[in-house]
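Peer 1: Here you go, one structure.
The values are calculated or read from the model by the stated rules, or taken from the named source; none is laboratory data. All of these numbers come straight from a predicted model, not from anything done at the bench. Cβ: placed from backbone, ideal geometry, glycine included. Neighbour counts: every protein chain shown. We work out accessible area using only protein heavy atoms, side chains counted, and drop any ligands, DNA or RNA first. Shrake-Rupley method; radii C 1.70, N 1.55, O 1.52, S 1.80 Å.
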Amino acid sequence: MDNKILKRGLVLEGGAMRGMFTSGVLDVFLENKITFDGAIGVSAGATFGCNFKSEQIGRAIRYNKRFSHDWRYCSLLSLIFTGDLYGADFCYNQIPNQLDVFDLETYRKNPMEFYCVASDCVTGKAVYKKLETCDEHDLVWMRASASMPIASTVVEVDGYKLLDGGMTDSIPLKYFESIDYKRNVVILTQPRNFTKKSASLMWLMKIALRKYPKIVEAMRHRAEVYNQETREIFEKADKGEVFVICPEKSLGISRTEKNPDELQRVYEEGRRIAEKNLESVKAFLRG
């Protein structure tokens with residue numbers, strides 16, 4: 001097959017505030033006019049990655065630094081009063097519609113497809129959703145993709161009961177390949193030598209999600225599934241079948257980091273790694 005007709009995909013892992021690394025990478029891509037036919041994001045990979053389709057350089061790092069200490073954005077108060085550590089109305093209504101406006105027009109005009117991944121609490125399987133307009137309905141799906149277990153309420157949309165996509169498919173390369181994205185760049189937020197350990201709060205998860213035994217079972221096996229995924233991805237990268245961008249070492253940042261300087265540090269690390277790999281990415285995408 002002629003490489004020129006292969007669909008070029010962008011696969012974005014989550015990781016909460018490790019997503020500032022991804023945001024740095026994507027901003028360098030935007031500045032250098034690197035484009036893709038489609039992108040798929042999980043959790044923070046979706047909530048921050050959507051800015052790539054709306055072509056808003058710097059937006060993700062800007063609003064995260066601005067609102068990092070705002071209790072409505074992320075706090076125990078928000079968890080107590082709303083049921084969500086990351087406030088749903090503040091994050092998915094007030095910020096994109098009023099406080100740091102999301103460019104819906106550019107998002108919708110951009111021909112690049114954008115997908116998010118969420119986890120079906122009933123079946124314990126991943127659900128993949130194409131976000132065509134990023135309207136209020138699409139944002140519910142995006143919120144579902146980033147709704148961390150225990151720290152979020154179950155999101156109900158389109159007949160599903162959903163939580164964080166990372167519970168069932170942290171790095172959805174196989175799904176993208178299944179819909180004909182054959183030349184993919186994968187952005188990870190952990191270094192190559194990272195090995196995920198079993199969840200330390202499984203006992204609490206069993207209690208919090210007792211109505212959904214299949215998603216609890218999925219979480220029980222999440223570490224082994226993740227580690228197998230990353231092994232396969234790096235094997236493909238070594239063969240030149242995918243291109244992986246990841247930190248050179250652990251980013252050393254909390255999932256709920258509030259220090260703006262730390263957020264900026266991780267963002268700048270993403271930019272540095274992207275710039276270091278820029279010509280290689282261009283060559284890979286050219287085939």
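Peer 1: Taking only protein heavy atoms and a 1.4 Å probe, what accessible area per residue, in Å², does the stretch 28-146 have with all protein chains in place?
Peer 2: Numbers: 4970 Å² over 119 residues.
Result: 42 Å² per residue.
Peer 1: Hey, another quick one. Given the Cα-Cα distance of M202 and S254 and 0.36 nm per residue of separation, how much length would full extension add, in nm? All intermediate terms of the calculation are to be shown ahead of the outcome.
Peer 2: Values: separation 52, 0.36 × 52 = 18.72 nm, distance 1.96 nm.
Residue separation times 0.36 nm, minus the Cα-Cα distance, leaves 16.8 nm.
Peer 1: How far, in nm, would the chain grow between R220 and T123 when pulled straight, counting 0.36 nm per residue and subtracting the alpha carbon separation?
Peer 2: On the way: separation 97, 0.36 × 97 = 34.92 nm, distance 1.43 nm.
Contour length minus the Cα-Cα distance gives 33.5 nm.
Peer 1: Looking at the square roots a ≥ b ≥ c of the eigenvalues of the Cα gyration tensor of the stretch 99-237, which shape do they give, rounded for a/c under 1.5, prolate if a/b is larger than b/c, or oblate? Before the final figure, lay out each step's value.
Peer 2: Values: a/c = 1.95, a/b = 1.15, b/c = 1.69.
Cα axes put the stretch 99-237 in the oblate bin.
Peer 1: Is the stretch 1-113 best put as rounded, prolate or oblate by its Cα gyration tensor, with a ≥ b ≥ c the root eigenvalues, rounded for a/c under 1.5, and otherwise prolate when a/b is larger than b/c, oblate when not?
Peer 2: In terms of gyration-tensor shape, prolate.
Peer 1: Sticking with this one: In whole percent, and with a 1.4 Å probe on the protein chains, what portion of the accessible area of the chain is carbon and sulfur? Numbers along the way, then the final one.
Peer 2: Values: 6690 of 13170 Å².
Result for the chain: 51 percent of the exposed heavy-atom area is carbon or sulfur.
Peer 1: Restricting to DSSP H runs of at least four residues, report the calculated mean residue ellipticity at 222 nm for the chain, -39500 (n - 2.57) per run over all residues, nearest 500 deg cm²/dmol. Could the numbers behind the result be given before it?
Peer 2: Details: 11 runs with 119 residues, N = 287.
Calculated mean residue ellipticity at 222 nm is -12500 deg cm²/dmol.
Peer 1: Would you please give the FRET efficiency between K211 and L76, computed as 1/(1 + (r/R0)^6) with r the Cβ-Cβ distance and R0 = 35 Å, to the nearest 0.05? Walk me through the numbers before you get to the answer.
Peer 2: Values: r = 24 Å, r/R0 = 0.68.
After rounding, the FRET efficiency stands at 0.90.
Peer 1: Let me ask something additional. Using a/c under 1.5 as the rounded threshold, could you call the stretch 1-43 rounded, prolate or oblate? The axes a ≥ b ≥ c are square roots of the C-alpha gyration tensor eigenvalues, and prolate needs a/b larger than b/c, oblate otherwise. Before the final figure, lay out the partial values.
Peer 2: Working: a/c = 3.98, a/b = 1.69, b/c = 2.35.
The shape class here is oblate.
Peer 1: Enter the accessible area of M202 (Å², nearest 10), with the probe set to 1.4 Å and all protein chains included.
Peer 2: 30 Å²
Peer 1: Output ³J(HN,Hα) for the stretch 88-93: one whole-Hz value per residue in order, computed from phi by the Karplus curve 6.51 cos²θ - 1.76 cosθ + 1.60 with θ = phi - 60°, and x for Gly and Pro.
Peer 2: Each residue's phi maps through the Karplus curve to give 4, 5, 5, 6, 10, 9 Hz.
Peer 1: For N93 and D135, calculate 0.36 nm times their separation in residues minus their Cα-Cα distance, and state this gained length in nm to one decimal. Walk me through the numbers on the way to the answer.
Peer 2: Details: separation 42, 0.36 × 42 = 15.12 nm, distance 1.03 nm.
Taking 0.36 nm per residue and subtracting the Cα distance, the gain is 14.1 nm.
Peer 1: Per residue of the stretch 18-24, in order, report the coupling 6.51 cos²θ - 1.76 cosθ + 1.60 (Karplus, θ = phi - 60°) as ³J(HN,Hα) in whole Hz, putting x for Gly and Pro.
Peer 2: 5, x, 5, 4, 4, 4, x
Peer 1: Which peptide among 264-275, 66-77 comes first, and what is the full order, when sorted by highest mean count of other Cβ atoms within 10 Å?
Peer 2: Working: 264-275: 19.3, 66-77: 16.3.
By packing density, highest mean first, the sequence is 264-275, 66-77.
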